[in-house]
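Structure first, then comments.
The values are calculated or read from the model by the stated rules, or taken from the named source; none is laboratory data. Quantities reported herein were computed from a predicted structural model and do not represent experimental measurements. Positions of Cβ are generated from backbone atoms using ideal geometry, with glycine treated the same way; all protein chains shown enter the neighbour counts. Heads up: the accessible areas ignore ligands, DNA and RNA and are worked out on the full protein's heavy atoms, side chains in. Shrake-Rupley method; radii C 1.70, N 1.55, O 1.52, S 1.80 Å.
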Amino acid sequence: MNFRVVFTAPIHSDGINIVKNVAEVDVLSTPPLSEEELIRSIASADALVPTLGIEPITRRVIERASRLKIIARHGVGYNNIDIDAATEHGIWVTITPVEELLEAVADHAFALLLCIARNICRADRFVKSSRWGIDSLDKLYTFTGVGLRGKTIGIIGLGRIGRRVAERAKGFKMKIVYYDIVRKAEAEEHGIEYRGLEDLLRESDFIIIATPLTDRTRDMIGEREISLMKPTAYIINIARGGIVNQKALYRALKEGRIAGAALDVFQQEPIPAGDPLLELENTVLTPHIAWLTDESRRAMAITVAEEVTRVLMGEDPKHPVNPKVKEILRAKGKINSR
Ligand code: DGY
């Protein structure tokens, strides 16, 4: 067995075992990895599985990995990978868009929405501090939440995850509006109304960020955009931290210009100790776990392992994000020119 596959962090053993049938496996354990550590770790690797999606797979890293044939993302976000560099070097980049992952992220968006709307986390801390029954009744009223029925949810990015968030919002009898660079006729036929970004921000009671991080969406929600939101509005981000400008968001939350935020993703992950966001009461924060359920972990691990195996065995992957790489491989004579 001559292949070597590097995982940047452990994945479900069912996936690792599939890869072990065709390659030697190295599982690194202490993220986040720096560029230098990655370069060292994958110098002789045939495949790389960036498990967490925060590894800096830059052009420099790719240029140094002369044997690499596939970068198989365990997840659907690939903003941490220089796709152009991978394509130029004839390296496949794949993702794991399995149903279980997409459902998990949509569930988590709603879990965050309910937590922030009903003050669940703050109330949990109160009960556990044994103050219930000791503090006056007024304290209980500080947990007054807001109802969802009839409220407007604004979904930014009506893709695979955004659509699933909309399905859940329907069950809560919410009005659903969306913004996306591509209009979705089918959604509109089902009563999901399109809005320009500014109108969506002005109208929504809950804003869900469900769009990938790209050059176009980086800092898409900054000071000006936040200033358009209602003072009673909440923002929920299950996509990527860089889409919402974290400093602008902090200021708006601190000054009570919006009601609250529930975030699973951050500009820097793990969020550094001492970050001012950690001190706010009107936030709910989770450590980039929206994707993480028993079901999704296993399904993603198996899918990523199958992608790696296919490519090492000379087949095409099923979920490439850079299908153009095939032309490059053909031009380099690495596959048949048919
Ligand atoms: C994804 O699928 O990209 C999730 O954020 C997990 O990395």
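Give the range 254-283 a look and list any residue that's more than 21 Å from Leu52 (Cβ to Cβ) and open to solvent by less than 20 Å² (accessible area, probe 1.4 Å), or say none.
First, the residues of the range 254-283 that are more than 21 Å from Leu52 (Cβ to Cβ): 254-261, 274, 276, 279-283.
The answer is Ile258, Gly260, Ala261, Thr283.
Residue check: is Val127 of a type outside the set (D, E, K, R), in the same structural domain as Val105 (by TED's automatic domain parsing) and under 28 Å from the mean Cα position of the chain (by Cα)?
no
Got a sec? Which strands (runs of 3 or more DSSP E) wholly within the range 176-293 have at least 2 residues that are within 16 Å of the ligand (Cβ to nearest atom) and under 22 Å from the mean Cα position of the chain (by Cα)?
On the way: elements: 206-209, 234-237, 260-263, 283-285.
It comes to 206-209, 234-237, 260-263.
Out of the range 62-79, which residues are among the hydrophobic types (A, V, I, L, M, F, W, C) and more than 12 Å from the chain's Cα centre (by Cα)?
Applying the first criterion (among the hydrophobic types (A, V, I, L, M, F, W, C)) to the range 62-79 yields 62, 65, 68, 70-72, 76.
Residues satisfying the conditions are Ile62, Ala65, Leu68, Ile70, Ile71, Ala72.
Scan the range 100-153 residue by residue and report those that are within 15 Å of Leu285 (Cα to Cα) and in contact with a Gly (Cβ under 8 Å, 6 or more places away or on another chain).
Within the range 100-153, Ile116, Ala117, Arg118, Asn119 qualify.
Only one of (1) modelled with pLDDT of 95 or more; (2) among the charged types (D, E, K, R); (3) not assigned by TED's automatic domain parsing to the domain that holds Asp82 fails for Arg298. Which number is that?
(3)
For the range 20-41, which residues satisfy the criterion of being free of Cβ contacts under 8 Å to residues at least 60 places away in the same chain and assigned to a loop (DSSP other than H, G, I, E, B)?
First, pick out the residues of the range 20-41 that are free of Cβ contacts under 8 Å to residues at least 60 places away in the same chain: 20, 24-31, 33-41.
Of everything in the range 20-41, those that are free of Cβ contacts under 8 Å to residues at least 60 places away in the same chain and assigned to a loop (DSSP other than H, G, I, E, B) turn out to be Leu28, Ser29, Thr30, Pro31, Leu33, Ser34.
Does Ala109 satisfy the criteria of being at pLDDT 95 or above, more than 25 Å from Pro10 (Cβ to Cβ) and either crowded, with 22+ Cβ neighbours inside 10 Å or within 13 Å of the ligand (Cβ to nearest atom) (or both)?
So Ala109 passes the test.
Can you confirm whether Gly145 is open to solvent by 10 Å² or more (accessible area, probe 1.4 Å), in the same structural domain as Ala305 (by TED's automatic domain parsing) and assigned to a loop (DSSP other than H, G, I, E, B)?
So Gly145 fails the test.
Which of the residues that make up the range 51-68 are part of a loop (DSSP other than H, G, I, E, B), surrounded by fewer than 22 Cβ atoms within 10 Å (Cβ to Cβ) and more than 16 Å from the ligand (Cβ to nearest atom)?
Selection gives Thr58, Ser66, Arg67.
Would you be able to tell me the number of residues in the range 84-99 that are part of a helix (DSSP H, G or I) and surrounded by 18 or more Cβ atoms within 10 Å (Cβ to Cβ)?
So the count comes out to 2.
Looking at (1) open to solvent by 60 Å² or more (accessible area, probe 1.4 Å); (2) of a type outside the set (A, V, I, L, M); (3) closer than 26 Å to Pro212 by Cβ, can you tell me which one Ser130 breaks?
For Ser130, the exception is condition (3).
Within the range 34-50, does at least one residue satisfy the condition of being open to solvent by less than 20 Å² (accessible area, probe 1.4 Å), touching a Pro at 6+ places or on another chain (Cβ under 9 Å), within 20 Å of Leu292 (Cα to Cα) and not assigned by TED's automatic domain parsing to the domain that holds Arg218?
No.
In the range 148-191, what residues are open to solvent by 30 Å² or more (accessible area, probe 1.4 Å) and among the basic types (Lys, Arg)?
If the condition is that a residue be open to solvent by 30 Å² or more (accessible area, probe 1.4 Å) and among the basic types (Lys, Arg), then Arg149, Lys151, Arg160, Arg163, Arg168, Lys170, Lys173, Lys175, Arg183, Lys184 are the ones that fit.
If Ile81 meets every condition in (1) without any contact (Cβ under 8 Å) to a residue 40 or more places away in the chain; (2) more than 16 Å from the ligand (Cβ to nearest atom) apart from one, which number is that one?
Condition not satisfied by Ile81: (2).
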